[in-house]
Amino acid sequence: MLFDDNLSTMGEPAVTGPQRRMPAQQRQQQILDAAVKAFAEHGYAAATTDQIARLSGVSQPYVVRSFGGKHALFIAAHTYVVDHIEAALRDAV
């Protein structure tokens, strides 16, 4: 879900009804989308796991536990974007 428009800009996510537990894979995807947005807007040095956590609606320790820290999250976000670019290029040919 590259660059989800439902993510707020570094603020609290909007609550739109009763909250249900999200599957772990979907939650990790949400964190990756938030990380891509944060790193793109603020760069590696200025983006924080706390911002990414707020943007994705989870706790900062959950982000770290899921990805192992800022550097590992950056690598995962980078890989995610490159995979999408490669897929788009394959589809275009």
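Some points to look at:
- Flag for Ala45 being surrounded by fewer than 21 Cβ atoms within 10 Å (Cβ to Cβ) and free of Cβ contacts under 8 Å to residues at least 24 places away in the same chain: yes
- Among the residues making up the stretch 1-56, a single one is modelled with pLDDT under 90, farther than 19 Å from Val82 by Cβ and either outside any loop (DSSP other than H, G, I, E, B) or of a type in the set (Phe, Trp, Tyr) (or both): Ala24.
- Residue in the stretch 56-67 that is touching a residue at least 24 places away in the same chain (Cβ under 8 Å), open to solvent by 60 Å² or more (accessible area, probe 1.4 Å) and of a type in the set (Lys, Arg) present: no
- Some residue of the stretch 77-93 being modelled with pLDDT of 95 or more, charged (D, E, K, R) and open to solvent by less than 50 Å² (accessible area, probe 1.4 Å): no
The values are calculated or read from the model by the stated rules, or taken from the named source; none is laboratory data. Remember, predicted model here, so these are calculated numbers, not experimental data. We place every Cβ from the backbone using ideal geometry, glycine too, and count neighbours over all the protein chains shown. Side chains included, ligands, DNA and RNA excluded: accessible areas come from the protein's heavy atoms. Shrake-Rupley method; radii C 1.70, N 1.55, O 1.52, S 1.80 Å.
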